[in-house]
Structures are given as C-alpha cells and as structure tokens.
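Asker: This structure is in structure tokens; I'll ask about it shortly.
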Amino acid sequence: MKRNNRSVEQLVEEQLQKWNQRGKERTKAGIKAGPVITISREPGCGGTKIAKHLAQQLGMDLFGGQIIQKVAESVQMSEKVIKSLDEKEMTKRDDWLTALFETRHLWPDRYLHHLTKVIGTIGRCGNAVILGRGANYILPQEHTFRVRFIAPIDIKLANVLRTTPEEAKKYVLKTESERQAFIRQYFHADITDPGHYDMVINMGKLSTDGAADAVKAAFLSWKAVVNS
C-alpha cells in the first residue's frame, strides 16, 4: 500500500477491493493465503526503500507503518478492514490475538486493540510486506518472515537528509528512542533483540538492491519449506 496523494480512505478501499477479488480467486482455486514479511528497521537504514523493492519483486502488497497507524486510530476504517474477512477467518485471527494478549500479558487499550486486529487481518489476507508497527510481535511466527535492518551510526547519519550533521544525529536518536519505546509500551519487548527476527541485516556494506535480493532469496527458501 503506497503512500501518495490519495487519501488513506481511498487506499483502504482499493486494498479491500483487491482482497475481495483475490479471495474469490483463491477460494475458486483452493489456494491458501501467502505468508507475510515484516520489516523492522533503524532510521537511516533504507528499510522503506528495501520494503518497496521487495513488494515489487515478489508481487506483494506493501503496508507502510503510517498507513497502518492511521487505520488503527480510525474506528470506522478499522472496522471496515476487519470486516473484510469472512467469519471463519475472523475466528482464526481472534484466536491467535487472544493468545497473544495472554502469553505476553498485554492489556490492550483501544489503539492496540485496533492495531492488532488490523495487522491480524492483513496477515490473514497474506501476500504482504508490513513496515513497522510491531507487526512481527503480532502475527504468528509460522506464517511470518521477520526481518530487521540495522547500520553503523555513520551510515545512518549519511542517509538522513537534514540541514546539519547535528540535526541528522538528533533525528536518528529521537526516532530510535521512539520506536524502542513503542515496542516496550505495547509489546513488552526489546526491539533490538535479534531473537525476535528470522533475519537481521547490517546495511554497513550492502546496497538497497543487495539487501532486497538477500531477503528475497531467504524468504523464498523459507516459503518453499513452509509449503512443502
């Protein structure tokens, strides 16, 4: 789901129509929903560009963190997304979300409630790349390929467009702190823990294309094992 001049409402409506058509085709062909790639990244690592490359190369839908956040914050849009699943699929999703809250001892406020259900719906529809918003903590591990991108501080600063080096450093540190706080608050987890990911890539010596190719190869290999 790309972010452009169209409104969030238009983007959501287009995605729902796509899911509806794809769901009919899958049901007719007896095909299950495809797995999902979640991407966590440090600021300045090029994670957003890599996510776009992956989505294009693999023919998957891209859901940016800001779009998901806006949908989760809007009760009307959240309900529209959640109701896009049939009753059977909604039950499956709610079962694993209940387990998520119980095993992690989470106390969901309204935002977390909608966030988990929106991401859960995306996961059930499958064939998507999800950027940020703690998606790797929400979706079942067996259907999710979880990736994190990191980089040395000098690489991150060089990739952040700000007026001065001081402003760039301030942005990187502030954004990193906010993302860590978000994960701690909502998922009681440490975003930097490599155990939460299937693949961690240091962008210090890789190009965007190189990183996308590495993730694509690993994902397709994992997907083949899952589907075997």
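Asker: In the structure shown, do any of 52/174; 52/117; 52/216 have a Cα-Cα gap over 19 Å, and if so which? Walk me through the numbers before you get to the answer.
Answerer: Values: 52/174 24 Å; 52/117 24 Å; 52/216 12 Å.
Correct reply: 52/174; 52/117.
Asker: Once ligands and nucleic acids are excluded and a 1.4 Å probe is used, how much of residue 150 is accessible, expressed in Å² to the nearest 10?
Answerer: Estimated to the nearest 10 Å², residue 150 gives 50 Å².
Asker: Mind giving me the nanometre distance, one decimal, between the label points for residue 192 and residue 218, set 7 Å out from Cα along Cα→Cβ?
Answerer: Placing both labels 7 Å along Cα→Cβ, they lie 1.9 nm apart.
The values are calculated or read from the model by the stated rules, or taken from the named source; none is laboratory data. Here the structure is a predicted model, which means the values were calculated and not measured. As a convention, Cβ positions derive from the backbone with ideal geometry for all residues, glycine included, and neighbour counts pool all protein chains shown. Surface accessibility is based on the protein's heavy atoms, side chains included, excluding ligands, DNA and RNA. Shrake-Rupley method; radii C 1.70, N 1.55, O 1.52, S 1.80 Å.
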